[in-house]
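Visitor: Can you keep this structure in mind? I'll have questions shortly.
The values are calculated or read from the model by the stated rules, or taken from the named source; none is laboratory data. Every value quoted in this text rests on a predicted model; they were computed, and no experiment measured them. Virtual Cβ from ideal backbone geometry, glycine too; neighbours counted across all protein chains shown. Please note that ligands, DNA and RNA were not included when accessible areas were found on the heavy atoms of the full protein model with its side chains. Shrake-Rupley method; radii C 1.70, N 1.55, O 1.52, S 1.80 Å.
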Amino acid sequence: MKRLLWIVFLTTSVLHAQNVAFKKLIDSSPLDTKLATLTDSEQKESGVMLRHQLYVEYTFDSLGQLSCLQGIVKRIRINDSKAIEMYNKIVLPVPNTNDLIYLKARSISKNGTVKEVGMEAVKELEEQGRVYKILAVEGLEIGGELEYTTLFRRSSSLFGGEILQSDIPVRKVEVKIITPAYLQFEAKVYNAPATISSDTLNEKRTISVGLQNLSPIYEEKYANLKANLIRLN
C-alpha cells in the first residue's frame with residue numbers, strides 16, 4: 001500500500017491572493033496531439049492513464065482568508081468500448097458554480113482530429129443528495145486519447161485525501177502541494193518507492209511527489225479494498 005501524508009502548519013494569517021501556479025501551467029501547456037506508444041501489457045487493458053498531475057495550492061484571498069485550489073490534468077488512452085463508457089463523461093464534486101474556475105476536455109482521434117468542450121457545456125448532476133458538475137466528452141474513439149484539465153476551489157482544510165489509483169493502470173503521477181513561503185509543511189510516502197523534493201521560489205514553497213506504474217484497482221471478494229488503495233492523505 002502506498003500512502004502519502006501531508007501536513008501544513010499555518011505561520012501567518014493575512015496575505016493577499018497570489019498568482020496560481022496551476023493557471024500558469026494551463027497557459028503554458030499546448031495540447032500534444034501525438035499519441036502514446038503502448039507496451040504489450042498496456043494494450044491488453046481497457047485504457048491507460050498516461051499522466052495524472054495533481055496540484056493543491058493554498059493561498060490567501062484579498063480579505064486575508066485562507067483558500068485552497070485544486071488543479072488536475074489527466075491524459076488517458078482509450079483501448080476499448082468499456083473505456084469510452086468510463087470516460088465519455090467527466091464528473092467533478094464541485095457543488096457551487098462559482099467554485100469551478102476552469103474545465104476543458106479534448107479528445108484526440110487516431111488521425112489527430114481534436115474535439116474540444118469546455119465550461120460552456122457543463123451541466124449539473126444531483127445524486128444521493130450531492131450536486132456534481134458534469135461534462136460530456138465528444139469524439140472519443142478506440143485507439144484515441146482524452147486529455148482534460150480542471151481547476152476548482154476546494155475546502156481549505158490543512159489536511160486532505162486523494163486516491164491515486166484508477167480502474168486502469170496509471171503510468172505516472174505527479175503531485176505538487178504549493179503554499180506561500182510563510183507556511184511550513186511536510187510529506188511522507190509509506191510502503192512505496194517515490195521521489196520527493198521541496199523548494200522555495202518567488203515566495204512560494206512547493207513539495208513535489210512522483211510515483212510511477214500504479215496498478216489498477218481490482219475488486220477482491222472479502223478484501224478490505226479501501227485499506228489497500230494507493231492514496232494521498
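Visitor: Mind checking which strands (runs of 3 or more DSSP E) fall wholly inside the stretch 55-113 and carry at least 1 residues that are without any contact (Cβ under 8 Å) to a residue 12 or more places away in the chain?
Guide: Strands (runs of 3 or more DSSP E) meeting the threshold: none at all.
Visitor: Is it the case, given these coordinates, that Phe152 is closer than 30 Å to Gln184 by Cα, at pLDDT below 95 and loosely packed, with under 12 Cβ neighbours inside 10 Å?
Guide: It is false that Phe152 is closer than 30 Å to Gln184 by Cα, at pLDDT below 95 and loosely packed, with under 12 Cβ neighbours inside 10 Å.
Visitor: Is at least one residue of the stretch 135-148 on the phi > 0 side of the Ramachandran plot and open to solvent by 20 Å² or more (accessible area, probe 1.4 Å)? Can you show your working first?
Guide: Initial filter on the stretch 135-148 (on the phi > 0 side of the Ramachandran plot): 139, 143.
Imposing the further condition that a residue be open to solvent by 20 Å² or more (accessible area, probe 1.4 Å) reduces the set to 139.
Scanning the stretch 135-148, I find at least one residue that is on the phi > 0 side of the Ramachandran plot and open to solvent by 20 Å² or more (accessible area, probe 1.4 Å), so the answer is yes.
Yes or no, residue by residue, for (1) surrounded by fewer than 16 Cβ atoms within 10 Å (Cβ to Cβ); (2) under 20 Å from the mean Cα position of the chain (by Cα); (3) at pLDDT 95 or above:
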{"residue": "Thr39", "(1), (2), (3)": "yes, no, yes"}
{"residue": "Leu63", "(1), (2), (3)": "yes, no, no"}
{"residue": "Gln70", "(1), (2), (3)": "no, yes, no"}
{"residue": "Lys74", "(1), (2), (3)": "no, yes, yes"}
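Visitor: It is to be established whether one or more residues within the stretch 157-169 are more than 23 Å from Leu38 (Cα to Cα), open to solvent by 20 Å² or more (accessible area, probe 1.4 Å) and modelled with pLDDT of 90 or more.
Guide: No, the stretch 157-169 contains no residue that is more than 23 Å from Leu38 (Cα to Cα), open to solvent by 20 Å² or more (accessible area, probe 1.4 Å) and modelled with pLDDT of 90 or more.
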